[in-house]
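**Student:** Structure incoming, see below.
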Amino acid sequence: MSEKTQRELGASASPIEDKLEDAFASMLSEGTQRLHRSWHAVVVTGFFGGTEVALGVLAYLSVLDSTHKPLLAGLAFSIGFLALLLGHSELFTEGFLVPVTTVAAKRASVGQLLKLWGGTLVANLAGGWIIMWLIMTGFPELHAQTIESAAHFVTAPLSAQTVALAVLGGMAITLMTRMQHGTDSVPAKIAAAIAVAFLLAGLRLFHSILDSLLIFGVLVSGRAPFGYLNWLGWFTYTVIGNLVGGLLLVTLLRLLRSKERLQEERLQASGS
């Protein structure tokens, strides 16, 4: 089928299917707003993201400590992703698909993307650290479970398995973003958040923010068998793996799927 025929068949006269066009337009609209935030807005939004994910970690630890069933605890963790969705806060690993598509369409600059990533990452960790301190202070009975859960990540050696888990973690969270932008249905968006929480937390994939909060919980409890340098080593390769999974295995393929539409946006931006 020619591009002309596809435009004539679709309701939007777009070179891609109508559903993809709706999702593409939604991503550009949201991404432009997110990337043009001030530093203050980036940091505050990212801080909220860290605090909300930490509350999901509290739910995860509570259920895991009571049931010793990671898959059930993963469902409980979805509280954190639901808070992100409904509270419109920002998680570092959510900044792959939408902002990168916006930069590729020339609606924002690479510098603005780096500002979003850097500010959100630091704010996520700061907000999460504070809430984990409160959780460990308020729930000392969760210390042992937190140590066990965090040790699974921070003591894991760099290997093909751990890198694969980090890549899958980045892929899963970016897939959640893709699914949520593919529909206007709030129940469907909620279902996507619950499904990905099940994958990330329930299957213990390596996620730079979520698992860092578990590690922070141990560090602030005063019972840590490891230190911040151990966390930093684990965090470094996990972030890289998350970037590879989110950018190469989801975002790049989505950009290739919408290549014709993306070229139109780039031409319009160049001509304006």
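**Student:** Against the condition free of Cβ contacts under 8 Å to residues at least 24 places away in the same chain, out of contact with any Ser or Thr (no Cβ under 7 Å at 6 or more places or on another chain) and either small (Gly, Ala, Ser) or within 19 Å of Gly31 (Cα to Cα) (or both), how does Gly241 come out, does it pass?
**Tutor:** Answer is no for this residue.
This table checks each residue for (1) part of a loop (DSSP other than H, G, I, E, B); (2) surrounded by 19 or more Cβ atoms within 10 Å (Cβ to Cβ); (3) under 14 Å from the mean Cα position of the chain (by Cα).
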{"site": "Glu52", "(1), (2), (3)": "no, yes, yes"}
{"site": "Ala73", "(1), (2), (3)": "no, yes, no"}
{"site": "Leu82", "(1), (2), (3)": "no, no, yes"}
{"site": "Arg107", "(1), (2), (3)": "yes, yes, no"}
{"site": "Gly119", "(1), (2), (3)": "no, yes, no"}
{"site": "Leu125", "(1), (2), (3)": "no, yes, yes"}
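**Student:** For region 63-74, indicate whether the set of residues that are of a type in the set (A, V, I, L, M), more than 26 Å from Thr137 (Cβ to Cβ) and either at pLDDT below 95 or in contact with a helix residue (DSSP H, G or I) (Cβ under 6 Å, 6 or more places away or on another chain) (or both) is non-empty.
**Tutor:** Scanning region 63-74 turns up at least one residue that is of a type in the set (A, V, I, L, M), more than 26 Å from Thr137 (Cβ to Cβ) and either at pLDDT below 95 or in contact with a helix residue (DSSP H, G or I) (Cβ under 6 Å, 6 or more places away or on another chain) (or both).
**Student:** Report, by residue number, each residue of region 55-69 that is without any contact (Cβ under 8 Å) to a residue 60 or more places away in the chain, more than 14 Å from Ala83 (Cα to Cα) and in a helix (DSSP H, G or I).
**Tutor:** Hits for region 55-69 are Val63, Ser66, Thr67.
**Student:** OK, next. State which residue is nearest to Gly95 (Cα to Cα) when the search covers only region 176-191 and only residues that are surrounded by fewer than 21 Cβ atoms within 10 Å (Cβ to Cβ) and under 13 Å from the mean Cα position of the chain (by Cα).
**Tutor:** Top of the filtered list is Arg178.
**Student:** Considering every residue within region 159-168, establish whether at least one is crowded, with 22+ Cβ neighbours inside 10 Å, in contact (Cβ under 8 Å) with a residue 60 or more places away in the chain and either of a type in the set (Ser, Thr, Tyr) or part of a loop (DSSP other than H, G, I, E, B) (or both).
**Tutor:** No - not one qualifying residue is present in region 159-168.
**Student:** Is it the case that Val167 is of a type in the set (Val, Ile, Thr) and under 23 Å from Ala23 (Cβ atoms)?
**Tutor:** no
The values are calculated or read from the model by the stated rules, or taken from the named source; none is laboratory data. Because the structure is predicted, anything quoted here is derived from the model rather than measured. Don't worry about glycine lacking a Cβ; one is built from the backbone with ideal geometry, like all the others, and counts go over all protein chains shown.
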